[in-house]
Amino acid sequence: METLKAKPDVSIIICTYSRAALLRDTLLSLENLSSIRDAEVVVVDNNSPDDTAIVVAECIALLKGKVRVKYIFEPKQGLSVARNRGVQESAGAYLAFLDDDAIPSTEWLSHIRDAFARHPKAGAIGGIIRPNFETGRPDWLVKQLELGFTIVDFGNKERKYPRRFHPYGANMAIRREVFDGLLFPESLGRKGKSLLSGEESWLFAQMRKKGSQLVYVPGMSVIHFIPDDRLRQEWIKRRFYFQGVSHAVWGDRFPLRIKLLCILLLKRIYLLVNSMFIQTPGQRLLKECRLESIRGSVDTLRSRGAIVDL
């Protein structure tokens, strides 16, 4: 039997909060990855109240000698906190972040290693995230709403990410040296059931400022579970609201605040004009979601005294 590599070259970091059943499926799927013996898995339990610790222990026993799994308990709530703890506890040169409800393709690790070798200036890479809907795709889910559900497919060509886009947390890998003096901002990112986000966008913006490339690698693909309780219009509107909150938190410095207010005003004008041509239920929902994003930003800026009214 092939032995586990003494020092892993890739660390698969899985941050989890109270989703033991989904986590079990993800962990057990890793046995099917090619060259998994050269990697390690770091599970960061972000203070889960369910039986996550028991499930991880069971998986460690089942995968013994096949997959190296390390369990870390992080009591401080927050996805950014958990990710930073994963960075601290990992040993690999490449840190691959995988959601606890995502199943990677068999050659996922190979694509990560090969892509970093081909792109020495790439600080981070990401790939396709295909949805696995619990009971089917709803009719109102138009293309423009897919990113809200972390559905990502920029085609089959390997290339640098377009300026407005970047790798996404369900399926991304980052060179270890990126985290020398740079971590996920703990003021952003989900905490428990909160849908606050923006931590990935902030990190990748800092990387780009330092000259780092972000590369899209289509072969690095995962299947991402989307449960029924997220396939509701109220959920996606709430998701967009917190996206707006995240933008305001990130931009809460005077020069950025002025820029954000101008963007919000232009968005309002655009939506008012565009609403005259909206016909389908999906298009109407998209308009409502975009208005919710604006409302989230305005509410946050107002609560911080940045604006009196808009």
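The values are calculated or read from the model by the stated rules, or taken from the named source; none is laboratory data. As the structure is a computational prediction, the values presented were derived from the model and not from experiment. Cβ coordinates were reconstructed from backbone atoms using ideal geometry, including for glycine residues, and neighbour counts include every protein chain displayed.
Scan the range 154-193 for residues that are closer than 19 Å to I226 by Cα and free of Cβ contacts under 8 Å to residues at least 60 places away in the same chain and the total you get is 3.
Report yes if R190 is among the charged types (D, E, K, R), assigned to a loop (DSSP other than H, G, I, E, B), farther than 21 Å from N84 by Cα and at pLDDT below 95, otherwise no.
No; evaluated as a whole, the condition is false for this residue.
Filter the range 94-119 down to residues that are β-branched (V, I, T) and surrounded by 15 or more Cβ atoms within 10 Å (Cβ to Cβ) and give me whichever is farthest from I129 (Cα to Cα). Across the range 94-119, the extreme among qualifying residues is I112.
Looking at A61, A21, A57, A91 in this structure, which one is surrounded by fewer than 18 Cβ atoms within 10 Å (Cβ to Cβ) and in a loop (DSSP other than H, G, I, E, B)?
On the way: A61 fails: in a loop (DSSP other than H, G, I, E, B); A21 fails: in a loop (DSSP other than H, G, I, E, B); A57 fails: in a loop (DSSP other than H, G, I, E, B).
Answer to the check: A91.
Here the helices (runs of 4 or more DSSP H) wholly within the range 212-310 that include at least 2 residues being at pLDDT 85 or above and touching a Ser or Thr at 6+ places or on another chain (Cβ under 9 Å) are 233-250, 281-303.
Can you say whether A102 is in the same structural domain as I174 (by the TED database) and within 14 Å of the chain's Cα centre (by Cα), as far as the supplied structure shows? It would help to see each step written out before you state the result.
On the way: in the same structural domain as I174 (by the TED database): yes; within 14 Å of the chain's Cα centre (by Cα): yes.
Yes: the conditions hold for A102.
In the set (1) touching a helix residue (DSSP H, G or I) at 6+ places or on another chain (Cβ under 9 Å); (2) among the hydrophobic types (A, V, I, L, M, F, W, C); (3) in contact (Cβ under 8 Å) with a residue 40 or more places away in the chain; (4) over 20 Å from V217 (Cβ atoms), V81 fails one condition alone, (1). W140 meets all of the listed conditions (1) surrounded by 16 or more Cβ atoms within 10 Å (Cβ to Cβ); (2) not in a loop (DSSP other than H, G, I, E, B) but one, namely (2).
Just to be sure before I move on: is E40 of a type outside the set (A, V, I, L, M, F, W, C), assigned by the TED database to the domain that holds G123, touching a residue at least 24 places away in the same chain (Cβ under 8 Å) and outside any strand (DSSP E or B) in the structure I sent? Give the derivation first.
Numbers: of a type outside the set (A, V, I, L, M, F, W, C): yes; assigned by the TED database to the domain that holds G123: yes; touching a residue at least 24 places away in the same chain (Cβ under 8 Å): yes; outside any strand (DSSP E or B): no.
So E40 does not fit the description; no.
Taking into account only those residues within the range 201-225 that are among the aliphatic types (A, V, I, L, M) and over 15 Å from the mean Cα position of the chain (by Cα), which is surrounded by the most Cβ atoms within 10 Å (Cβ to Cβ)? Before you say what the answer is, go through the steps one by one.
Initial filter on the range 201-225 (among the aliphatic types (A, V, I, L, M)): 203, 205, 207, 214-215, 217, 220, 222-223.
This time we only want the ones that are over 15 Å from the mean Cα position of the chain (by Cα), so: 207, 215, 217.
Numbers: M207: 20, V215: 22, V217: 24.
If we take residues in the range 201-225 being among the aliphatic types (A, V, I, L, M) and over 15 Å from the mean Cα position of the chain (by Cα), then V217 is surrounded by the most Cβ atoms within 10 Å (Cβ to Cβ).
So which of L27, L95, L33 ends up being of a type in the set (A, V, I, L, M), assigned by the TED database to the domain that holds F179, farther than 26 Å from R118 by Cβ and at pLDDT 95 or above?
Details: L95 fails: farther than 26 Å from R118 by Cβ; L33 fails: farther than 26 Å from R118 by Cβ.
Just a single option satisfies the conditions, and that option is L27.
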